[in-house]
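Only one structure is covered here, and it is reproduced in the block below.
The values are calculated or read from the model by the stated rules, or taken from the named source; none is laboratory data. For clarity, every value in this text was computed on a predicted model and none was experimentally measured. As a convention, Cβ positions derive from the backbone with ideal geometry for all residues, glycine included, and neighbour counts pool all protein chains shown.
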């Protein structure tokens, strides 16, 4: 890794004087638990008197439920309760934000347990609690459901056809804010219109036009969803689950079960990956419902891998058409695009953010982009790392590559020419403040990889850039000082990628103490203030900021205590590197901590933040591939990911985020796809058939961290987790074109696809 | 109960305008869990891979350990680890405060596992962890310990003899602050000297002199001690136990095992009574040691009832000699007293507080009291409700009764004459501020009980008063506001007597909302600021105060938010009864809570307090008894307890505290005592032979709450839990004298004792 090399650019130096903690690589506080297997994940929970729940799922992609008979199941010895959609209240439409997207809680309830219709293969129809998992399974088999099978809608263009069967019969399109006249499968139509595209294309000397298709793909987290609930006779509900956001679970369950949030306590367990997929609730409300109906005993539910693939939220497959023009200097003049995103069974595809990400790195005066959120008989989509970005950027970056080729320009040079700079207006209307896109292009051009010769036959090099908005959101933290000078830190952010440590480091830096003296602790919803989930690349940014605020509040109180001891005014005391001083007098924080009793007792502080500016992130990737013309197999020879990370709090984690994002992007680009049969049954419901990249599929991924400090954060932090998944598909498509001369216009670019394309070339 | 009658005296009215929440009796938040058996106590814990620990205890009261051979025990299949004193570091002397007393951590370590000597029957010598409790027990039997048995020292006067065998051979007396020349069994000699007792007795016309003896007694909590520990390879230690103070456990374990507090997390489970006995640690450090030695698996340990009686801390037996004089007007002129308190095997008897409590209710100009903390071969004593007070007050109140009889004065009138008032100096030197002793005497005289005729033969009525300092100490609380306007409250005080609710009520009162909108939650040592244990009658007083401070901090932030929304200055906004208003505009807290997002995100606040003034408590009790001259059995006909409670936050709990204190005082007075054989073996190690009062032994105990608001608390709260155990023994002794004419000078006043006394009268 070349983090040290580029770990502190002049820019971040100028911002960052001399950090003591930030930029170091301490031992993570949860390390031992994780490597010894002691860490408790959702499925590890065991409660006295615990029952086991199981879910009956629809075998049909689209069907009307004529009747459900649970009487036989209820008689099975050991069965404690059976619930169906009838046990859930029908909610009003209520759209609320959830983990980088929005969710309509009426639909969320319907997705929890089907009502009159099932809308996708795997849609929950009923649930059972029993004294053993096996009895629960047995009981499922005895629930009799009569279906009227309906024609499934599986393809996004077909779903938009006026005569297409309707999934939600009373759903009207939000047509640019206006309710459509008649219902359809189109949940929403968004539009970005900037400048005048007609004029823009008139001034263009070169225009390229192309259409792209991408498949529905899964986040591929290792740990399946789970949820355990204990419903108390006094109406108090406790939920243990692995989720990206304990407060989000509390809010959703509160709505679905119509319980005030103050009656619900959500205890977040350790989480085995989420990537956006663990923001919505699936089992939690069912477990709660079953616990209540089972006489207030705890009920534990866990998904199988096939449940996860069939019935949780993947990200949208899409159809994208782009027309892009540039003038004689190679300057982009106009873009016109249509984007159809699969929402799945209920509204909520990330087409909106896809529209923004697509040409996020480029300066284009004239923009007309239409985005459609379209229902199909597939699981309701959820966020997936930079939601909607990868497929959009794939299409855009191929177009950019086509243009740079036409102009005979180096693709990075072409991007430098057209890339956004500070103060430029983005293609989605916002104006960029301090950004580091050009710095990533510069670093990429200078990188040895970019000038290294390509020796092998059928090998090629591709580049692509990517953009992500990043996000701020609400975060809380509180801390109390121990008599030995150490600090207990409670924060509400679930730790997925090591955020316990990256947040603790910001508290330690703020206090001027060692991070080993901070003990971070992820609190449940009763023990810390409201904190949004771990998504939107927001955790180290926003919760870290809250920790910084806590450090400042602690210092203020500590200085007052020191002033008491020395009988001076607080203003006279200076605090630096964990030490207080006035004139000759000096006292360390540890000394003072031991004297808190004499000065008024213990000290604790809490803070909540809600940053408005997020510090957008940009990345530029370089990849070399070799394509086997016989098999169509793509081998990645070398991969370099350059990214503006603002300020790397914990460089190892940042590099890990970049490498992980690339790995997922590679899988999306080359192999991953949901395969449905004509009846809408998912046919690849295991990790052998749903092909994610393994170590053998990937080279060492080199990372270059450019640090263009974010002025909107006390330590210059930018979100880093999502940008790296945006460029890989485009970079690979461009590299494949360089290698074998075919531009693939659909994902995944699997061996079969490539062979077909090579064949088509020949003919 | 007559709480409503006397629930708001003019005094508290003047202090208390119109409380909305305080003084009401809402449903307690932990009620359902407690009555449905769902509440998790220490013994309910179950962890994956949990091992079971057992303790080998000394069969001798005093012996030298010549050798310990654990080799056989270690070979038993299923045994995971064996520990002895050799596994603990030898600590330096370090005396620190602990739950209404002090503890020398060097001795605490020695009490955890014996070193060269065992000092009492039941002293831990070794501990074992195994895969089942039975295997652990079996292994204990295979540990071979060779003892050199020494002569036990069981009686406090004998222990002071120069030639008495020494328990701790290198212990020197703290002789009024000076280290004694040669070691002895006397740990400390304290003295109170005020005025000139010789002159005082010269001015006296009546002098009474008497000596008293009392036995060691147990707190009698229902739940035995327990402790479960999980030691992590990274040095993090988690302890689950039922304790009165999670931070106290953290501090003691930190010292005994020499681990920084920041590495230890103590999770307090629900607790089945403590009364002072659950401040010291017994099993917790052993469980931690065993967990580490067992390969970092969790180890659970629980005590049997006989373990509890033989080896945890009861309160001191004592010898007390008093000489008391009064002048011709019946005014007390001088007191001279000697008090010998059994410390048990290690220093730390409550003789110091006994010295203060003894004549706490009385104004005496000339005082000379000598107190001695004396080692005997019995378990190391611990705090017990108003530590050292009951036996001291018993002696004093009998003397007061003798004097009032000699002056032919009504005993309450005599107390009114000599009782302390605001501004008086106490017999321990401090000056009383606003106290309510005279108010209790007035209420007692007016109470119908006091004027009711005594019909039965051999029946009599006795009165006695009692004093307790009460305590403040460190408390922390924090709270976050939920979007629905409810509040999640985290506090560090273990809930023994309903303090979740009494603390939540003070937050609710401060915020002007319903207590049902507050969700209190007892945090572990990582999730809340430092909070001293639930002792010293401090919890509702100090932690309630912290909750009040939190409410004020929340209001400040809320007003700022309302100001943002209305675009006015915060000062212009008034807040009352959960509503904000400015001119015509009004907004409820719930409305505003829903708008926090628009105004800057969530709100949380935390506060820590450390009150310096505590608001001392006084009580006066009236009891009628009937004595059976044939059997010596005492039957309590009627009991009325009058107490100044400052302000009753939750009247039911206050009444419960008073009734509970009386019940324990009755047991101490009439039946309870540790019975040792000549070799120092405890012979009554179960609750049949250790005779605590049961429902049949007690009448309904009537309570009268006088409310003399404590000006040193935002709501006028005084501690109420301890005073009520102080007067019963004296009141009963005085009633028995009225009934059958004998003044008993030792506790318990059991049937045998009474028959002997009656016989002695006859001879």
Does residue B:623 satisfy the condition of being more than 10 Å from every other protein chain (Cβ to nearest Cβ) and more than 22 Å from the chain's Cα centre (by Cα)?
yes
Which one of the conditions (1) out of contact with any helix residue (DSSP H, G or I) (no Cβ under 7 Å at 6 or more places or on another chain); (2) closer than 19 Å to residue B:327 by Cβ; (3) part of a strand (DSSP E or B) does residue B:174 fail to meet, given that it meets all the rest?
(2)
Residues B:517, B:524: which one is over 15 Å from residue B:475 (Cβ atoms), touching a residue at least 40 places away in the same chain (Cβ under 8 Å) and within 14 Å of another protein chain (Cβ to nearest Cβ)?
B:524
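To keep it simple, each residue is scored yes or no on (1) touching a strand residue (DSSP E or B) at 6+ places or on another chain (Cβ under 7 Å); (2) at pLDDT below 95.
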site: A:330; (1), (2): no, no
site: A:340; (1), (2): yes, no
site: A:352; (1), (2): yes, no
site: A:403; (1), (2): yes, no
site: A:420; (1), (2): yes, no
site: A:423; (1), (2): yes, no
site: A:433; (1), (2): no, yes
Failed item in (1) surrounded by 20 or more Cβ atoms within 10 Å (Cβ to Cβ); (2) not in a strand (DSSP E or B), with residue A:164 passing the rest:
(1)
Subset of region B:238-254, residues over 23 Å from residue B:57 (Cβ atoms), in contact (Cβ under 8 Å) with a residue 12 or more places away in the chain and in a helix (DSSP H, G or I), comes to B:246, B:247, B:248, B:250, B:251
Tell me, please, whether a residue that is part of a strand (DSSP E or B), under 30 Å from residue B:56 (Cβ atoms) and out of contact with any helix residue (DSSP H, G or I) (no Cβ under 8 Å at 6 or more places or on another chain) can be found in region B:180-187.
yes
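Could you list, in sequence order, the residues of region B:49-72 that are within 16 Å of residue B:131 (Cα to Cα) and either without any contact (Cβ under 8 Å) to a residue 12 or more places away in the chain or more than 14 Å from chain A (Cβ to nearest Cβ) (or both)?
B:51, B:52, B:53, B:54, B:55
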If you take the residues of region B:89-110 that are touching a strand residue (DSSP E or B) at 6+ places or on another chain (Cβ under 8 Å) and in contact (Cβ under 8 Å) with a residue 12 or more places away in the chain, which of them is farthest from residue B:246 (Cα to Cα)?
B:93
Inside region A:30-41, can you point out the residues that are modelled with pLDDT under 95 and outside any loop (DSSP other than H, G, I, E, B)?
A:31, A:32, A:33, A:34, A:35, A:36
Would you say residue B:645 is away from chain A (no Cβ under 14 Å) and over 28 Å from residue B:712 (Cβ atoms)?
no
Please specify each residue of region A:187-212 satisfying the condition of being under 22 Å from residue A:746 (Cβ atoms) and either without any contact (Cβ under 8 Å) to a residue 24 or more places away in the chain or buried (at least 18 other Cβ atoms within 10 Å of the Cβ) (or both).
A:208, A:212
Only one of A:433, A:438 that is in a loop (DSSP other than H, G, I, E, B) and either in contact with a helix residue (DSSP H, G or I) (Cβ under 7 Å, 6 or more places away or on another chain) or surrounded by fewer than 23 Cβ atoms within 10 Å (Cβ to Cβ) (or both)
A:433
Which residue, of A:122, A:85, A:99, is modelled with pLDDT under 95 and crowded, with 17+ Cβ neighbours inside 10 Å?
A:99
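Part of a strand (DSSP E or B) and in contact with a strand residue (DSSP E or B) (Cβ under 8 Å, 6 or more places away or on another chain), is that true of residue A:61? Before you say what the answer is, go through the steps one by one.
On the way: part of a strand (DSSP E or B): no; in contact with a strand residue (DSSP E or B) (Cβ under 8 Å, 6 or more places away or on another chain): yes.
No, not satisfied.
State whether one or more residues within region B:635-654 are without any contact (Cβ under 8 Å) to a residue 12 or more places away in the chain, surrounded by 20 or more Cβ atoms within 10 Å (Cβ to Cβ) and touching a strand residue (DSSP E or B) at 6+ places or on another chain (Cβ under 8 Å). Walk me through how you get there before you give the answer.
So in region B:635-654, the residues without any contact (Cβ under 8 Å) to a residue 12 or more places away in the chain come out as B:635.
Subsequent filtering for residues that are surrounded by 20 or more Cβ atoms within 10 Å (Cβ to Cβ) retains none.
The answer is no; no qualifying residue exists.
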Within region A:453-475, the residues that are part of a strand (DSSP E or B) and under 20 Å from the mean Cα position of the chain (by Cα) are A:465, A:466, A:467, A:468, A:475
Checking the structure you have, find out if any residue of region A:536-543 is away from chain B (no Cβ under 14 Å), in a loop (DSSP other than H, G, I, E, B) and either under 27 Å from residue A:574 (Cα atoms) or in contact (Cβ under 8 Å) with a residue 40 or more places away in the chain (or both).
yes
Among A:324, A:230, A:286, A:309, which is the only one that is surrounded by fewer than 24 Cβ atoms within 10 Å (Cβ to Cβ) and either within 14 Å of chain B (Cβ to nearest Cβ) or touching a helix residue (DSSP H, G or I) at 6+ places or on another chain (Cβ under 7 Å) (or both)?
A:230
Identify the single condition in (1) buried (at least 24 other Cβ atoms within 10 Å of the Cβ); (2) within 14 Å of chain A (Cβ to nearest Cβ) that residue B:464 does not satisfy, given that it satisfies every other one.
(2)
The condition of being modelled with pLDDT of 95 or more, surrounded by 24 or more Cβ atoms within 10 Å (Cβ to Cβ), within 14 Å of chain B (Cβ to nearest Cβ) and within 29 Å of residue B:259 (Cβ to Cβ) holds, among A:502, A:493, A:488, only for A:493
Scan region B:597-604 and tell me whether some residue there is more than 14 Å from every other protein chain (Cβ to nearest Cβ) and either under 32 Å from the mean Cα position of the chain (by Cα) or surrounded by fewer than 23 Cβ atoms within 10 Å (Cβ to Cβ) (or both).
no
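Residues that are under 30 Å from residue B:751 (Cα atoms): find the strands (runs of 3 or more DSSP E) completely inside region B:568-639 holding 1 or more of those.
On the way: elements: B:574-576, B:579-582, B:585-588, B:604-609, B:617-627.
It comes to B:617-627.
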Quick check on my filter: what residues within region B:662-709 are under 23 Å from residue B:376 (Cβ atoms), free of Cβ contacts under 8 Å to residues at least 60 places away in the same chain and either in contact with a strand residue (DSSP E or B) (Cβ under 8 Å, 6 or more places away or on another chain) or surrounded by 15 or more Cβ atoms within 10 Å (Cβ to Cβ) (or both)?
B:675, B:683, B:691
For residue A:260, the lone unmet condition from (1) away from every other protein chain (no Cβ under 14 Å); (2) farther than 25 Å from residue A:721 by Cα is (1)
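Residue-wise test of (1) at pLDDT below 95; (2) in contact with a helix residue (DSSP H, G or I) (Cβ under 8 Å, 6 or more places away or on another chain); (3) within 19 Å of residue B:223 (Cβ to Cβ).
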{"residue": "B:660", "(1), (2), (3)": "no, yes, yes"}
{"residue": "B:665", "(1), (2), (3)": "no, yes, no"}
{"residue": "B:670", "(1), (2), (3)": "no, yes, no"}
{"residue": "B:674", "(1), (2), (3)": "no, yes, no"}
{"residue": "B:678", "(1), (2), (3)": "no, no, no"}
{"residue": "B:681", "(1), (2), (3)": "no, no, no"}
{"residue": "B:696", "(1), (2), (3)": "yes, no, no"}
{"residue": "B:699", "(1), (2), (3)": "no, no, no"}
{"residue": "B:702", "(1), (2), (3)": "no, yes, no"}
